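The values are calculated or read from the model by the stated rules, or taken from the named source; none is laboratory data. Quick caveat, the model's predicted, so the values are computed rather than measured. Because the Cβ atoms are built from the backbone with ideal geometry, glycine has one as well, and the counts that use them run over all protein chains shown. SASA here: full protein model, heavy atoms, side chains in, ligands and nucleic acids out. Shrake-Rupley method; radii C 1.70, N 1.55, O 1.52, S 1.80 Å.
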Amino acid sequence: TGLADAEARAHRREADAAWGRRFLEEPLEDVLDDWNAQPVFGGRPAPMDTARLSTYRPLLPDLFNAYSKGAQPDLLPALQATALKPTLWVTGFDDEAFTLVARRAVAALPGSRHTAIHGAAHRVPWEAPDAFMQATLAFIAASVPISDPRK
């Protein structure tokens, strides 16, 4: 949903810019080890091809700056105003930070539901693809009336 506090956004922009510099300047394997050690990732390695990532390395500082939560406005008011309902928030059970964000969002957004997937942290679709798919399909089945094409 973003960060409502301007000081928190500024701090996050600084932290993300520092990560971008590290990804550009330091040995990739070392930075990835530190990146994946963050609590949000549960210490799990990223499901990525390091060789492929290295081809995009010059772009990483710009990506960290452009997609920083610090560059994002607080989206909760806009989400509250939207008619897009129902909404499913999926987080990894081991991703405490984003699980808290999802719980707050569900409390503020009628028609929302949250599912925390056990055995996953931040990268739910890659860490627990079957559970992610089951949660998504169950949500769709409960939310969207589906007619039987045989009728």
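Among the residues of the stretch 1-36, those that are aliphatic (A, V, I, L, M), buried (at least 16 other Cβ atoms within 10 Å of the Cβ) and under 18 Å from the mean Cα position of the chain (by Cα) comprise Leu3, Leu32. Does Thr50 fit the bill of being over 22 Å from Ala121 (Cα atoms) and hydroxyl-bearing (Ser, Thr, Tyr)? No; evaluated as a whole, the condition is false for this residue. Applying the criterion of being free of Cβ contacts under 8 Å to residues at least 60 places away in the same chain and not small (Gly, Ala, Ser) to the residues of the stretch 62-75, the residue that is least open to solvent (accessible area, probe 1.4 Å) is Phe64. Look at the stretch 95-120: where a residue is in a helix (DSSP H, G or I) and a partner is charged (D, E, K, R), sitting 6+ places away or on another chain with Cβ atoms under 7 Å, you get Val106/Arg113. You will find that of Arg52, Arg44, the residue that is among the basic types (Lys, Arg) and touching a helix residue (DSSP H, G or I) at 6+ places or on another chain (Cβ under 7 Å) is Arg44 and no other. Among the residues of the stretch 98-113 satisfying the criterion of being within 13 Å of the chain's Cα centre (by Cα) and under 23 Å from Ile140 (Cβ atoms), which is most open to solvent (accessible area, probe 1.4 Å)? The qualifying residue most open to solvent (accessible area, probe 1.4 Å) is Phe98. Listed by first and then second residue, the pairs linking a residue in the stretch 1-27 that is assigned to a helix (DSSP H, G or I) to a residue that is acidic (Asp, Glu), with Cβ atoms under 8 Å apart and 6 or more places separating them unless they lie on different chains, are Gly20/Asp62; Arg22/Asp34.
Can you find a residue that is in contact with a Pro (Cβ under 7 Å, 6 or more places away or on another chain) and assigned to a helix (DSSP H, G or I) anywhere in the stretch 29-38? Yes, the stretch 29-38 contains a residue that is in contact with a Pro (Cβ under 7 Å, 6 or more places away or on another chain) and assigned to a helix (DSSP H, G or I).
Within the stretch 55-92, the set of residues being in contact with a Gly (Cβ under 6 Å, 6 or more places away or on another chain) and either part of a helix (DSSP H, G or I) or over 30 Å from Ala141 (Cα atoms) (or both) comprises Leu60, Pro61, Phe64, Gln72, Pro73, Asp74.
Considered as a group, the residues in the stretch 76-97 that are of a type outside the set (Lys, Arg) and open to solvent by 70 Å² or more (accessible area, probe 1.4 Å) include one that is modelled with the lowest pLDDT, and that residue is Ala83.
Yes or no: the stretch 127-149 includes at least one residue that is under 16 Å from the mean Cα position of the chain (by Cα) and assigned to a loop (DSSP other than H, G, I, E, B). There is at least one residue in the stretch 127-149 that is under 16 Å from the mean Cα position of the chain (by Cα) and assigned to a loop (DSSP other than H, G, I, E, B).
Quick check, is Ala116 surrounded by 15 or more Cβ atoms within 10 Å (Cβ to Cβ), modelled with pLDDT of 90 or more and in contact with a Ser or Thr (Cβ under 7 Å, 6 or more places away or on another chain)?
So Ala116 fits the description; yes.
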